[in-house]
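Trainee: The structure that follows is given in the form of structure tokens.
The values are calculated or read from the model by the stated rules, or taken from the named source; none is laboratory data. On a predicted model such as this, the values are computed, not experimentally measured, just so you know. Neighbour counts are summed over all protein chains in view; Cβ atoms, including those assigned to glycine, are modelled from backbone coordinates with ideal geometry.
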Amino acid sequence: MRYSDNAKRFGGMGDDAWEIHRRAWVKEAAGEPVIVLSAGEERSATTPPAIVAAAKQALDAGRHHYSPLTGSDALKAAVAARHLALTGQRVTPDSCCILAGAQNALYSVLVCLAGVGDEVIVPEPYYATYPGVCRAGGATMVTVPCDPEADFVVDPERIAAAITPNSRVILLNSPNNPTGAIYPKAVLEAIADLAKKHDLWVVSDEVYADFVYDATHVAIGALPGMADRTVTLGSMSKAYRMSGWRVGWMVANPTLAGIITDMASCTLYGIPPFIQDAALAALIDETGEIESDRASMLADYRARRDLVCEHLANIPGLTLRYPAAGMFVMVDVRGTGLDDFTYAARLLDEENVGVMTGTAFGPSAIGHIRLGLVASQEKLVEACTRIRRFTLSLAA
Ligand SMILES: Cc1ncc(COP(=O)(O)O)c(C=O)c1O
């Protein structure tokens, strides 16, 4: 059978890089005492009960039908309010599209902004699905390396050097997965100037905007003159522990929101109304219960970050990249003499700790492993103990 050129664009999203992750799950399913830190979520933590209750109530109330293509007016208004709280940028509900997670938003937006012959500039290390979403509409991803020694913060001059007449979009992710980098205001201002000068879009993936420890999150869309050319992506997955519910959004100018809504009439056809009701209950949070749950989750993540950094400091052969934000810690393992894949594979085999290899995220992350802060403090300390023992055994 023959498949279209479009079909060919979806494969090859760093499949090899996920191998250790898959092997960790297999071991866990077989009952081995594995600590899986390769995922982007904590499997044992569930969605706050008040959100689950709102979904059940909506199901009981008959919210089973088709819904508006990119979200109910009430949910769009709540997302506009959340966007204002996170970014300081005031937007109208008709600038917001509710989609099936930030991943669906990434795909929808990039297909609408960059087609065949166009280029999307992406700092790397990047989130592992970016190559696929950049290619989806036929565009080429042009990567810009970030130095581990500069805490993986992108240098705007490198972005400037990557701009060509074919450039259409700069795709940013601050706070960053995998690196935990957060771009300072001056860096974002320099990138904003480039976008304005060369008439480029900025797609800003801000799904980790709540997970900020040592810095301030600056939203590029809120900078002067950027509202019209910036698309900001957000999600319920991380901050509300709702990854499996598939609710996220994009905020852009109303024209692009209209285009994405037209697209949704061919693809998504609206996310389920009972899920929209649950997301609305989470954002409105009438009793304050959800906000206090969220605050304690974020405090716990900060404590996890501190613990992991404390326990992995001063291990010969490892160089810790202290994350200012996000849900992950990057560790440079090159000092052990092993490449990241071998290190991660042996760590899993010999000590039952599953981590991601840097290879998944682009060449700047080669030689690094990524640990998710996605287990209890106790388990993370145990994982660090195993990592220390394994690394010291290599030196011996
Ligand atoms: C940087 C980044 N963007 C987007 C996503 C997708 O998020 P969602 O669950 O909202 O689709 C993730 C998920 O891990 C992510 O890390």
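Trainee: Is the range 340-350 home to any residue that is in contact with a Ser or Thr (Cβ under 6 Å, 6 or more places away or on another chain) and in a strand (DSSP E or B)?
Mentor: no
Trainee: Can you pull out the residues in the range 297-346 that are over 28 Å from residue 237 (Cβ atoms) and touching a Lys or Arg at 6+ places or on another chain (Cβ under 6 Å)?
Mentor: 315
Trainee: From the list 52, 109, 79, 122, exactly one residue is touching a Phe, Trp or Tyr at 6+ places or on another chain (Cβ under 7 Å), over 21 Å from residue 182 (Cα atoms) and outside any loop (DSSP other than H, G, I, E, B). Which is it?
Mentor: Testing whether each residue is touching a Phe, Trp or Tyr at 6+ places or on another chain (Cβ under 7 Å), over 21 Å from residue 182 (Cα atoms) and outside any loop (DSSP other than H, G, I, E, B) leaves just 79.
Trainee: In the range 28-71, what residues are more than 27 Å from the chain's Cα centre (by Cα) and not assigned by TED's automatic domain parsing to the domain that holds residue 175?
Mentor: 30, 31, 32, 33
Trainee: Does residue 165 satisfy being free of Cβ contacts under 8 Å to residues at least 24 places away in the same chain and surrounded by fewer than 20 Cβ atoms within 10 Å (Cβ to Cβ)?
Mentor: yes
Trainee: Residues in the range 39-62: is at least one of a type in the set (A, V, I, L, M) and touching a Ser or Thr at 6+ places or on another chain (Cβ under 6 Å)?
Mentor: no
Trainee: Please verify whether residue 24 is closer than 22 Å to residue 129 by Cα, modelled with pLDDT of 95 or more, in a helix (DSSP H, G or I) and in contact with a strand residue (DSSP E or B) (Cβ under 6 Å, 6 or more places away or on another chain), treating the condition exactly as stated.
Mentor: Answer is no for this residue.
Trainee: Does residue 255 qualify as being exposed (fewer than 15 other Cβ atoms within 10 Å of the Cβ), more than 19 Å from the chain's Cα centre (by Cα), more than 16 Å from the ligand (Cβ to nearest atom) and farther than 30 Å from residue 380 by Cβ?
Mentor: When the stated conditions are applied, residue 255 passes them.
Trainee: Here is a follow-up. Being touching a residue at least 40 places away in the same chain (Cβ under 8 Å), part of a helix (DSSP H, G or I), more than 30 Å from residue 365 (Cα to Cα) and of a type in the set (Lys, Arg): is that true of residue 294 here?
Mentor: yes
Trainee: Which of the residues that make up the range 201-229 are within 16 Å of the ligand (Cβ to nearest atom) and in a strand (DSSP E or B)?
Mentor: Scanning the range 201-229 gives 202, 203, 204, 205, 212.
Trainee: Given the criterion farther than 27 Å from residue 301 by Cα, within 16 Å of the ligand (Cβ to nearest atom), surrounded by fewer than 21 Cβ atoms within 10 Å (Cβ to Cβ) and of a type outside the set (D, E, K, R), identify the matching residue among 194, 268.
Mentor: 268
Trainee: So which pairs qualify, if the first residue must be in the range 58-72 and farther than 16 Å from residue 258 by Cα, the second must be modelled with pLDDT under 95 and of a type outside the set (Gly, Ala, Ser), the Cβ gap must be under 8 Å, and the two must be at least 6 apart or on different chains?
Mentor: none
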